[in-house]
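Structure first, then comments.
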Amino acid sequence: MALQWAFIGFMFLIGLALPSAAIIANQIIAPRKPSKTKSEIYECGMETVGETWVQLKGQYYIFALIFLIFDIEAVFLFPWAAAYDKLALYMVLEGVLFILILAGGLLYAWRKGALEWV
Amino acid sequence: MVDLFSGIDQFLKDLLIGLGLQPAFVAVLLKFAAAAVLGTISVSLAIVLIWVERKLVARIQDRLGPNRVGPFGLLQTIADALKLLTKEVLIPDGADRIVFRLAPLLVVASVVAVWAVMPLAPGLIGSDVNVGLLYVISIGAVGTLGVMLAGMSSNNKYALLGAFRTVAQMVSYAVPMILSLLVPTLLAGSMGMAAIVEAQGQFPFLLLAPLAALIFLISSIAEVGRGPFDLLEAESEIVAGYHIEYSGMTFGMFFVGEFVHAFTISALTAVIFLGGWQGPGAQAYPLLGLLYFVLKTSVVYFIVIWVRGTFPRIRIDQMNAFNWKFITPLALVVLMVTAVVDKLAVGGGFTRLAFHLSANGIIVLLTLVALRVYARATRQAQQPAEEIPSPVQQPEAAGG
Amino acid sequence: MTVEQVLFLITGAVTLIAAVMVVTSPRLVHAGLWLIMALAGMAVLFVLLENGFLAVVQVAIYIDAIAILIIITVMLTRAVMRETEPQMNRLWVLAGLGASMLFAGLMAIALQLGATAPASLAAVLEPEAGLELLGRSLVDVDAFILPFEVASVLLVAALIGAIVVAMVPRGGASAQDGR
């Protein structure tokens, strides 16, 4: 069991190591001639004016929050689905009730206009 | 031939123990070697995948694609990789150096780590944890994190905007993806990937849950950010979005990560909905199972490329509305209906198949009816506005 | 010193250092990234405790949803890319003393409990059976059905509250002209 998770850890580390090797190879092979123009920030050929900071809209926060709510819902539902074979019908209906309550939340968000891309 | 993979495993173990190493250490070492081989193969696949995609998209667009470098242009990707290797890596002024370098690593690592739980053949799976499906979902979102880091650390307004829009898109489409993955979980009764493949011995889940398969494929294509959903990296729109400031192999790693991600979701669709290594004779000959897996993945990858070459790009507000107002409610309905129908369909085999297919068919019919009603309502709401420019009309038309 | 103990010490050290860096980092964005490392350390600790499901849940909820939400919230404020003032005020010695006393008290309680803890609980269940038992008990009438349904109501309440507070164009608290 622990060996399975060790494999996952190894794969993640190898996934970090392979692109590092490619990037390090690139930095060794490629020329390195830094100049002022090259390190400027790209803005379609013009100079950047002002600080590099844009204030985000609150809409991104709402999308991330709705994703959070549905993520937690899915985490509750995965054990329910994994135990599906051993559940009676009323237990399945209780899970359906759970989903219906959350669908009601989504409907509220829809009607309030929280799902529009402004 | 029956236990080919465990035979190889046993042979290597005996070899290494014979050299005098401890058994526990040998097991860990073999796992590490297997992880290295699998990781290297999955990243090097990008060389073939990029060539396949360029040729196919070219043929769809009635042109030839790369055909100069090597026979049939097979060495084109290698030439491109060599070019990227010789480009200077530029880090813009004021960029956060450590985070800037970390971002492409995270994007590639999140894709490679999915292959750890992929069942390639009967008995050949890297890590048979019983939470495989939830693991796939959570690791996929580490890639979202990498995209956000890339945008934030570039010290560039457009990279920042592009990164947050990409993150909003990936996060939005993760919701129907997660909901549609609950359907094969309850049909198979387990979250483990090997168990899901083994539960498809009779029918692939594509037949039992076609709508869930379609929703998973569509939302995965949107997650990867390709196909008709590639507004945020299209060159005519925001000039490469979150990876504007990346050059050389750092950009190459984002590029490779995207193609391998597309192949990974094709493999996931093949495993979860098409039956993975299942096929006639797969249990007896594991290599045949591996062949079936590769064939099914290639078919799904071809469909993904086909979709990319055929559909026009959709706008960001259309993409948003499509997700929250169509796909997510549909996924919720499919989940609830499948859960209830599978309990009501007593008796396995063809009875269960008939129940599920008819339930899915009813959902499709109701969706089409709902769409027609919605389209008619929208058209009627727009009608009075259309009649206004022509004032010389009958009174009843002006009244709407 | 078994391998697991070494791994636990390393993971614990990484998590603690990341947690300290979260509160002392001058740049908010860096604090968010250190938070992600601390949460990942906790996921590894769950794996060491032989509970794969909770480790994956930790990554899926904390790192994928909550950390991204926190970083987006940080980006909604102004002082993101700039260095802020030093993170400690004059009373940090007193605060450190209080925290150490709290830590000593918790360790005393934990070490006392360790000697009498029921060792049989986690070791008996196979992971697969544990997950099915969890799923069954979530909907079992004698077990956790009421908290299960109340959790969904709680989630919807959180959703409604957040929409009411953060809605932009209909007169919410923050009306921006962002893009």
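The values are calculated or read from the model by the stated rules, or taken from the named source; none is laboratory data. Computed from a prediction, not measured in an experiment: that's the story for all the values here. With ideal geometry, Cβ positions are generated from the backbone for all residues, glycine too; neighbour counts draw on all protein chains shown. What goes into the accessible areas is simple: the full protein's heavy atoms, side chains included, and nothing from ligands, DNA or RNA. Shrake-Rupley method; radii C 1.70, N 1.55, O 1.52, S 1.80 Å.
Residues of the range B:345-369 being touching a residue at least 40 places away in the same chain (Cβ under 8 Å) and open to solvent by less than 50 Å² (accessible area, probe 1.4 Å), which ones? Full working, then the answer.
Pass one, the range B:345-369, residues touching a residue at least 40 places away in the same chain (Cβ under 8 Å): B:348-349, B:352-353, B:356-357, B:360, B:363-364.
Once the filter is applied, which keeps residues that are touching a residue at least 40 places away in the same chain (Cβ under 8 Å) and open to solvent by less than 50 Å² (accessible area, probe 1.4 Å), the range B:345-369 yields B:Gly349, B:Leu353, B:His356, B:Asn360, B:Ile363.
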Breaking point among (1) out of contact with any Leu (no Cβ under 8 Å at 6 or more places or on another chain); (2) at pLDDT below 85, for A:Leu107: (2)
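Quick one: how many residues across the range B:245-286 are of a type in the set (A, V, I, L, M, F, W, C), assigned to a loop (DSSP other than H, G, I, E, B) and open to solvent by 30 Å² or more (accessible area, probe 1.4 Å)?
Result for the range B:245-286: 2.
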At least 1 residues that are among the charged types (D, E, K, R) in each: list the helices (runs of 4 or more DSSP H) lying fully within the range B:58-177 that qualify. B:76-85, B:97-112
Would you mention how many residues in the range B:160-186 are more than 8 Å from every other protein chain (Cβ to nearest Cβ) and either open to solvent by 10 Å² or more (accessible area, probe 1.4 Å) or touching a Cys at 6+ places or on another chain (Cβ under 7 Å) (or both)? 5
Restricting attention to helices (runs of 4 or more DSSP H) lying wholly within the range C:1-101, give those where 3 or more residues are touching a Lys or Arg at 6+ places or on another chain (Cβ under 7 Å), modelled with pLDDT of 85 or more and at positive phi. none
Does any residue of the range B:287-299 turn out to be closer than 12 Å to B:Ala209 by Cα and surrounded by 15 or more Cβ atoms within 10 Å (Cβ to Cβ)? no
Filter result for the condition that a residue is within 14 Å of chain B (Cβ to nearest Cβ), of a type in the set (A, V, I, L, M) and open to solvent by 30 Å² or more (accessible area, probe 1.4 Å), over C:Val44, C:Val14: C:Val44
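Do we have A:Leu3 as at pLDDT below 85 and assigned to a helix (DSSP H, G or I) here? Can you show your working first?
Working: at pLDDT below 85: yes; assigned to a helix (DSSP H, G or I): yes.
Taking the combined requirement at face value, the residue satisfies it.
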Give B:Ile137, B:Ile125 a once-over and let me know the one that is modelled with pLDDT of 90 or more, within 11 Å of chain A (Cβ to nearest Cβ), open to solvent by 10 Å² or more (accessible area, probe 1.4 Å) and under 15 Å from B:Val271 (Cβ atoms). B:Ile137
So which residues in the range B:313-339 are at the interface with chain A (Cβ under 7 Å from one of its Cβ atoms), open to solvent by less than 50 Å² (accessible area, probe 1.4 Å) and either out of contact with any Leu (no Cβ under 8 Å at 6 or more places or on another chain) or over 20 Å from A:Ala74 (Cβ atoms) (or both)? B:Ile316, B:Asn320
Collect the residues in the range A:59-118 that are out of contact with any Gly (no Cβ under 7 Å at 6 or more places or on another chain), at the interface with chain C (Cβ under 7 Å from one of its Cβ atoms), free of Cβ contacts under 8 Å to residues at least 60 places away in the same chain and part of a loop (DSSP other than H, G, I, E, B), keeping them in residue-number order. A:Leu87, A:Lys112, A:Gly113, A:Ala114
Those residues of the range B:187-209 which are assigned to a helix (DSSP H, G or I) and in contact with a Leu (Cβ under 8 Å, 6 or more places away or on another chain), in sequence order: B:Leu187, B:Met193, B:Ile196, B:Phe205, B:Leu206, B:Leu207, B:Leu208
Every residue in the range A:1-35 that is more than 7 Å from chain B (Cβ to nearest Cβ), aliphatic (A, V, I, L, M) and within 21 Å of B:Thr40 (Cβ to Cβ), please. A:Leu13, A:Ala17, A:Ala21, A:Ile24, A:Ile28
